[in-house]
Amino acid sequence: MASLKEMRNRIGSVKATQKITKAMQMVAAAKLKRAQEQAESARPYARRMAAVIANLAAGVAGPNAPRLLAGTGSDHKHLIVVATADKGLAGGFNTGVIRAARERIASLLAEGKDVRIVAVGRKARDLLRRQYGDRFVESFELSAHKTLSLAAAQPIADVVLREFEEGRADVVTLFYSRFKSVISQVPTAKRLIPAEVEAGGPVTDLNGAVYSYEPSEEAILETLLPRNIAVQILSALYENQAGFYGAQMQAMDNATRNAGDMIKSLTLQYNRSRQAQITKELIEIISGAEAL
């Protein structure tokens, strides 16, 4: 059985840990508001970009369609972009994205596909390198950027475009965690190449008018599609950031509560042991006095 001094030290250690988790919870809550605003602000722009591409793609077909829209005609070579956070202590946030990516990679490999990986975030790099290190193309750490902006997403988009243009990727899929609420982050897979064209969107009534594009739809798409990849990656990074802070806030809240429960249990155990020791000493004193 542990001595009273060891139990006091343990209680003090748990209290110190509780202070740390409480501080981390407050920091995550403070950062979550801004991250959530960024994620929600990026969504309309990304959706509008996708709507413009869908509108232009409706008038483009056949051999004139850009390769980023039509693809290569094959799906043998896959590039998987996995985006997580650089840090942990966020519950199952990172492992949820990694699990979804691993399932897709394992499925593609079972079908005989050629799979290559781009890791975005230190956790994605560390967790995937053990199993698929020989398939890595490149890895990025987001902590190198003070704030998330297009400057953080553009190098990732450049690698994706390079792999596609040099014939090392037919299909590019991005895995990230979509922010739904503070307590809910959904691992999501989004196809970047060939570009997904949303069907069934709202139709604008042109009142008989006809749009004439200058330059042509093909020329506009050639410029817009590469930019769309960077926009979609940036939007996913914003979603990841908001999801990470939400998950970390929840995880640190749970850790703080668990530390409180542990402190109560250890304090009760300490008091019982201390009372038992005092009782034992009193009995020894009384027995000694009676012997005299």
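What to note about this one:
- Among residues of region 100-121 being closer than 28 Å to MET24 by Cα and modelled with pLDDT of 90 or more, the one that is surrounded by the most Cβ atoms within 10 Å (Cβ to Cβ) is VAL120.
- Pairs where the first residue, in region 1-16, is over 18 Å from GLN275 (Cα atoms) and the second is not hydrophobic (A, V, I, L, M, F, W, C), C-beta under 6 Å, 6+ apart: none
- Looking only at region 199-241, and only at residues there that are over 22 Å from LYS146 (Cβ atoms) and among the hydroxyl-bearing types (Ser, Thr, Tyr), the one that is modelled with the highest pLDDT: THR223
- Residue satisfying condition, being at pLDDT 85 or above, over 27 Å from ALA35 (Cα atoms) and either in contact with a strand residue (DSSP E or B) (Cβ under 7 Å, 6 or more places away or on another chain) or buried (at least 21 other Cβ atoms within 10 Å of the Cβ) (or both), within set TYR132, TYR245: TYR132
- Residues that are aliphatic (A, V, I, L, M), farther than 11 Å from PRO187 by Cβ and within 11 Å of the chain's Cα centre (by Cα) within region 72-96 comprise ALA85, ALA90, listed in sequence order.
- Pairs are defined by a Cβ separation below 8 Å, a sequence spacing of at least 6 or placement on different chains, a first member in region 29-55 that is basic (Lys, Arg), and a second member that is modelled with pLDDT of 80 or more and assigned to a helix (DSSP H, G or I); the pairs so defined are LYS31/TYR245; ARG43/SER235.
- From VAL52, VAL97, residue being modelled with pLDDT of 85 or more and of a type in the set (A, V, I, L, M): VAL97
- The single condition among (1) of a type in the set (Lys, Arg); (2) more than 15 Å from the chain's Cα centre (by Cα); (3) closer than 28 Å to GLN232 by Cβ that ARG99 does not satisfy is (2).
- Boolean, SER184 is within 19 Å of GLN36 (Cβ to Cβ) and at pLDDT below 85: yes
- Close pairs (9 angstrom Cβ cut-off, 6 or more residues apart or separate chains): in a helix (DSSP H, G or I) in region 68-79, surrounded by 13 or more Cβ atoms within 10 Å (Cβ to Cβ) and of a type in the set (Phe, Trp, Tyr) anywhere: LEU68/PHE164
The values are calculated or read from the model by the stated rules, or taken from the named source; none is laboratory data. None of the values given here were measured: they were computed from a predicted structure. Using ideal geometry, Cβ is built from the backbone for each residue, glycine included, and neighbour counts are taken over all protein chains shown.
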